[in-house]
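I'd like to ask you about the structure that follows.
The values are calculated or read from the model by the stated rules, or taken from the named source; none is laboratory data. Bear in mind the structure is a predicted one, so any value in this text is a computation, not a measurement. Ideal geometry is used to build each Cβ from the backbone, glycine not excepted, and the neighbour counts take in all protein chains shown.
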Amino acid sequence: MSEHMEQEGAAAASVPRADTVAPAAAAAAREGEQEQPAVVSEDQVKAVLRRVKDPELNLNIVDLGLVYGIAVEGSTVRVDMSLTSPGCPSGPEIMGDAERQVRAIPGVTDVMMNLVWSPYWTPERIEPRVRAYLGF
């Protein structure tokens, strides 16, 4: 009888316990599944950039014409933008806010903010309806 018990004990030792199977199986399933990144569109990026305002003018950077270009490649977003002047005291705040807004979009894993000066920003870059409202 002791031989029979030893065989049962050996067999039981080779079967994983139920409490270790589920977590291990779940982890293996997660590893096997590649998370599909959310599709990010330029329109989504533009929409969140409308939340970023120039604190001196109280207008969003899209309507101000500060956003020169948006490129989405997979989960990476590149934004080319300018400021109203090279000495804009709010520049770091505006750039930081823009980057935070873009990073918050589900599916975005990397953001590259490029500060560009060509072409130089002028009031003519302001959205026409906003420019008309402002009297430019």
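In segment 89-112, which residue that is hydrophobic (A, V, I, L, M, F, W, C) and in contact with a strand residue (DSSP E or B) (Cβ under 8 Å, 6 or more places away or on another chain) is nearest to residue 53 (Cα to Cα)? Explain how you work it out, then say what you get.
So in segment 89-112, the residues hydrophobic (A, V, I, L, M, F, W, C) come out as 94-95, 98, 102, 104-105, 108, 111-112.
Restricting the remaining residues to those that are in contact with a strand residue (DSSP E or B) (Cβ under 8 Å, 6 or more places away or on another chain) gives 94-95, 98, 102, 105, 108, 111-112.
On the way: 94: 7, 95: 10, 98: 9, 102: 14, 105: 18, 108: 21, 111: 19, 112: 19 Å.
If we take residues in segment 89-112 being hydrophobic (A, V, I, L, M, F, W, C) and in contact with a strand residue (DSSP E or B) (Cβ under 8 Å, 6 or more places away or on another chain), then 94 is nearest to residue 53 (Cα to Cα).
Now for a different question. For segment 38-59, enumerate the residues that are on the phi < 0 side of the Ramachandran plot and in a loop (DSSP other than H, G, I, E, B).
Step one: filter segment 38-59 for residues on the phi < 0 side of the Ramachandran plot, giving 38-57, 59.
Correct list: 38, 39, 40, 41, 50, 51, 52, 55, 56, 57.
Would a scan of segment 84-91 turn up a residue that is assigned to a strand (DSSP E or B), closer than 19 Å to residue 120 by Cα and touching a helix residue (DSSP H, G or I) at 6+ places or on another chain (Cβ under 9 Å)? Reasoning before the result, please.
If we filter segment 84-91 for residues that are assigned to a strand (DSSP E or B), which is where we start, we get none.
No, that holds for no residue.
If I filter segment 120-136 down to residues being in contact (Cβ under 8 Å) with a residue 40 or more places away in the chain and not in a helix (DSSP H, G or I), which single residue comes out as nearest to residue 82 (Cα to Cα)?
Of everything passing the filter in segment 120-136, 121 is nearest to residue 82 (Cα to Cα).
Looking only at segment 92-122, filter to residues that are surrounded by 12 or more Cβ atoms within 10 Å (Cβ to Cβ) and touching a helix residue (DSSP H, G or I) at 6+ places or on another chain (Cβ under 8 Å); which one of those is farthest from residue 40 (Cα to Cα)?
The residue in question is 115.
Among the polar types (S, T, N, Q) and under 17 Å from residue 54 (Cβ atoms): is that true of residue 84 in this structure? Outline the logic, then answer.
Values: among the polar types (S, T, N, Q): yes; under 17 Å from residue 54 (Cβ atoms): yes.
Yes, satisfied.
Looking for something surrounded by 10 or more Cβ atoms within 10 Å (Cβ to Cβ) and modelled with pLDDT of 95 or more - is there at least one such residue anywhere in segment 26-41? Give the steps one after another, and end with the answer.
We begin by selecting, within segment 26-41, every residue surrounded by 10 or more Cβ atoms within 10 Å (Cβ to Cβ); these are 26-28, 30, 37-41.
When the remaining residues are screened for being modelled with pLDDT of 95 or more, the result is 41.
Looking through segment 26-41, at least one residue is surrounded by 10 or more Cβ atoms within 10 Å (Cβ to Cβ) and modelled with pLDDT of 95 or more.
Exactly one condition in (1) buried (at least 16 other Cβ atoms within 10 Å of the Cβ); (2) modelled with pLDDT of 95 or more; (3) part of a helix (DSSP H, G or I) is not met by residue 77; state its number.
(3) is the only condition that residue 77 fails.
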